[in-house]
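The values are calculated or read from the model by the stated rules, or taken from the named source; none is laboratory data. All values derive from a computational prediction rather than experimental measurement. Cβ placement follows ideal geometry from the backbone for every residue including glycine, while neighbour counts extend to all protein chains displayed.
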Amino acid sequence: MLTGKRVRIRAKGKVFEGIVMPSFTGNLVLKLDNGYNVGFVEYELIEVLGELEKVEFKREILRKEGLPDVKIISTGGTIASKVDYRTGAVTSQFTAEEIISEIPELAEICNVSAELLYNILSENMKPAYWIELAKRVYESLKSYEGVIITHGTDTMHFSASALSFMLSTPKPVVFVGAQRSSDRPSSDATMNLLCSAKLSVSDVGEVLVCMHGSTSDDFCYAHRGVKVRKMHTSRRDAFQSINAKPVARIYYPSLEIDWLSSRFRRGERELELKDRLEEKVVLIKFFPGLSAEIIDFFHSKGYHGFVIEGTGLGHVSTDWIETLKRVCEDSIVVMTSQCLFGRVCDRVYDTGRDLLKAGVIEGEDMLPETALVKLMFLLGNYDFETAKKLVKTNLVGEIESRSVY
Ligand code: ASP
């Protein structure tokens, strides 16, 4: 069995070295040192070079007088991951300390302390984890100049929304991730982290997401935590501000910041934490033919918060109206759009007007995921009537007063 071993082979007149990957076809699959997998049907084994060694990443982290103190809280995700050369899978295993020791340039920007909170892929995040994370960030902000949160990209916008609502922050709180793990040649981890570090010591005072702004290594965007979404499965510039301009562009490698839109400034708000979330809130995507029984189902399970991802300007089929009318008596129902871009307007078509009469609230230009987290926050921290009023009130930049094209 060669799987997991480092080998040297000859194929097509050339010599290749790499780690033998598991293969189900009978062909030899080698992970080369540049990170790519190559399959060989015909080859000659020259030598087995040994088992893969575990690499330890430990380096002294020096504190420099005069530099601001920044906390990195690691929650896992690809940015904290490494390819497991035995299985080919990407797994979370780096700690925050290891990330820092991998990117020594960080030490030129700030004095970094690291805390490993979770080591999970972000699809495993839960509202209870957002609360724990918000509490950790709140405590860290008492003594650090800024906080960076390394996070998986899949659900980063949910976590960023949750912290945006729960935490009134006078300092930068920057979420950062990577689309390619840090041991791949094409990894975006280093640049994203350095740009985040620069943001974390800047004069902004809000929750941001910092990721590649283009497919090259030339700049990152800082997006408002409540206006951002992952819009591509694999591109390094997958994150986009929706219905808003990004807050800033951070050039690489100069790390100069170009502010692009208005923002909370450092020191503008008092540090405050509202740490409750109502979990019985659901996001439902409407599609032609979906029965309103889905609403009744959740209602019967005690859910009193509903966000609907409707069609176009914010619609569902006419046969949902009676159910929604009934549910709206003791629940908050918010309409968002599966178009994502644009604003919900239920005053144009009859279905829309009927929805408004039934008690459904237009979610303005909020992203469906942001509306979901906002409703969890509102129902967790305010009485029902106040929560209902606040749905359409802009709290932290989640609703733009004018639509941006
Ligand atoms: N599935 C991973 C996660 O969200 C992907 C990533 O980190 O980019 O944790």
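Key figures
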item: Scope segment 214-235; condition within 17 Å of R249 (Cβ to Cβ) and surrounded by fewer than 23 Cβ atoms within 10 Å (Cβ to Cβ); matching residues; result: S214, T215, S216, D217, D218, F219
item: Verdict on A387 being over 24 Å from the mean Cα position of the chain (by Cα), in contact (Cβ under 8 Å) with a residue 40 or more places away in the chain and under 11 Å from G305 (Cα atoms); result: yes
item: Y221 within 29 Å of E108 (Cβ to Cβ) and touching a Lys or Arg at 6+ places or on another chain (Cβ under 9 Å); result: yes
item: Residue among T169, T155, T190 that is within 16 Å of the ligand (Cβ to nearest atom) and either under 13 Å from the mean Cα position of the chain (by Cα) or under 18 Å from E398 (Cα atoms) (or both); result: T155
item: Restricting segment 104-124 to residues that are within 14 Å of the ligand (Cβ to nearest atom) and part of a helix (DSSP H, G or I), the residue that is nearest to the chain's Cα centre (by Cα); result: S122
item: Residue in segment 312-319 that is more than 17 Å from F165 (Cβ to Cβ) and among the polar types (S, T, N, Q) present; result: yes
item: Matching residues in segment 144-175 - criterion: being surrounded by fewer than 24 Cβ atoms within 10 Å (Cβ to Cβ) and of a type in the set (F, W, Y); result: Y144, F158
item: Of all residues in segment 313-338 being in a helix (DSSP H, G or I) and of a type in the set (A, V, I, L, M, F, W, C), the one that is surrounded by the fewest Cβ atoms within 10 Å (Cβ to Cβ); result: I321
item: Residue list for segment 195-227, restricted to those being over 15 Å from the mean Cα position of the chain (by Cα) and β-branched (V, I, T); result: V201, V204, T215
item: Those residues of segment 339-365 which are more than 14 Å from T311 (Cβ to Cβ), in a loop (DSSP other than H, G, I, E, B) and modelled with pLDDT under 95, in sequence order; result: R347
item: Residue satisfying all of: in segment 125-150; within 16 Å of the ligand (Cβ to nearest atom), in contact with a helix residue (DSSP H, G or I) (Cβ under 6 Å, 6 or more places away or on another chain) and not aliphatic (A, V, I, L, M); nearest to A80 (Cα to Cα) among these; result: T150
item: Output for segment 164-191, where each listed residue is polar (S, T, N, Q) and at pLDDT below 95; result: Q179, S181, S182, S186, S187, T190
